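Note sheet for the following structure.
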Amino acid sequence: MNAFDVAIGLLAGLVLSALIAWGGYAKHSLSRSGMLGAILVGTTIFGFGGWTWGLVLIAFFISSSWLSRYKWREKEHLAEKFAKTGHRDLGQTLANGGWAAILALFNFFYPSPALFALFLGAMASVNADTWATELGVLSKSPPRSIANGKIVPVGTSGGITLLGSGERRLTFIGLVALLFDLLNSLVFQVNRSGPAFLIVVISLAGGLAGAMFDSLLGARAQGIYYCPRCDKETERRTHSCGQATTQVRGWRRLDNDGVNFLSSMVGSLTAYLLWRWWM
């Protein structure tokens, strides 16, 4: 990738990211700081990763933003459990896209198909987690803790459901990446990033590994608190009612943003190892 391609990518990424971020802000999917994070991540990934990378990121953002508003009335009562709600802020955008942006920078200095595998694993992981959260809370069957299999209240960190763990959320990024990779090779006459089936498989593996790791961290390591006034567990240090909470488990310094970032790295590494094994 030469300097001209990077400049065009940065400009395109800035324009597209700004437009989409503004749309997200207008639809109440992003806060003001979340707009900044989306623009930073989007511009970096477009500029240094290329069109396929950038379009995969956009597909993730649009789908996850739509899902966050999907049946919002049915999910609204669960907002008090989560540290942050549908208005994604700077921390959330960096947690979901920060590692992918770092990989895009590496791709500029050390271009390699392996970095695309790492990127797909990262994006599949955060996509799987986001879809699982937004869809899992709508499940008719109660969630079970990934740590011990016991039934837990809806919205509990580490709780999983069949609806939230469905294969659709795991294959979405792979199929989107495959489509954009094909278009990129046809329009810009660039070499394909890898065999079609491998793109889908490494995304599936990365998404599954990242999602499971996310659930495990949520169940065992993430800081979880208790509100004595409402008699409820929450991810917040101060509950929505205004009551200061008491930590009941996990690490105080590990919040949901930290869990998402670490899980994206695990998904990334899983996809890379599978790619290395096959290639």
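The values are calculated or read from the model by the stated rules, or taken from the named source; none is laboratory data. Remember, it's a predicted structure, so these values are computed and weren't measured experimentally. Here Cβ is always computed from backbone atoms with ideal geometry, including for glycine, and neighbour counts include all displayed protein chains.
Looking at LEU40, LEU19, LEU10, LEU36, just one residue is hydrophobic (A, V, I, L, M, F, W, C) and touching a Gly at 6+ places or on another chain (Cβ under 8 Å), and that residue is LEU10.
In the stretch 205-225, the residues that are over 17 Å from ASP255 (Cα atoms) reach residues that are among the hydroxyl-bearing types (Ser, Thr, Tyr) with C-beta atoms within less than 7 angstrom, at least six apart or across chains, in these pairs: ALA205/THR270; GLY206/SER125; GLY206/SER268; GLY206/THR270; GLY207/SER125; ALA209/THR270.
State all residues of the stretch 206-250 that are among the polar types (S, T, N, Q), outside any loop (DSSP other than H, G, I, E, B) and touching a helix residue (DSSP H, G or I) at 6+ places or on another chain (Cβ under 7 Å); if no residue qualifies, say none.
Selection gives GLN222, THR234.
Scan ILE224, ILE199 and give me the residue that is modelled with pLDDT of 85 or more, farther than 27 Å from VAL152 by Cα and hydrophobic (A, V, I, L, M, F, W, C). Going through ILE224, ILE199 in turn, the sole match is ILE199. Within the stretch 2-31, if we keep just the residues that are on the phi < 0 side of the Ramachandran plot and in a loop (DSSP other than H, G, I, E, B), the residue that is surrounded by the most Cβ atoms within 10 Å (Cβ to Cβ) turns out to be SER29. The number of residues in the stretch 131-158 that are at pLDDT 70 or above and either in contact with a Phe, Trp or Tyr (Cβ under 7 Å, 6 or more places away or on another chain) or not in a loop (DSSP other than H, G, I, E, B) (or both) comes to 8.
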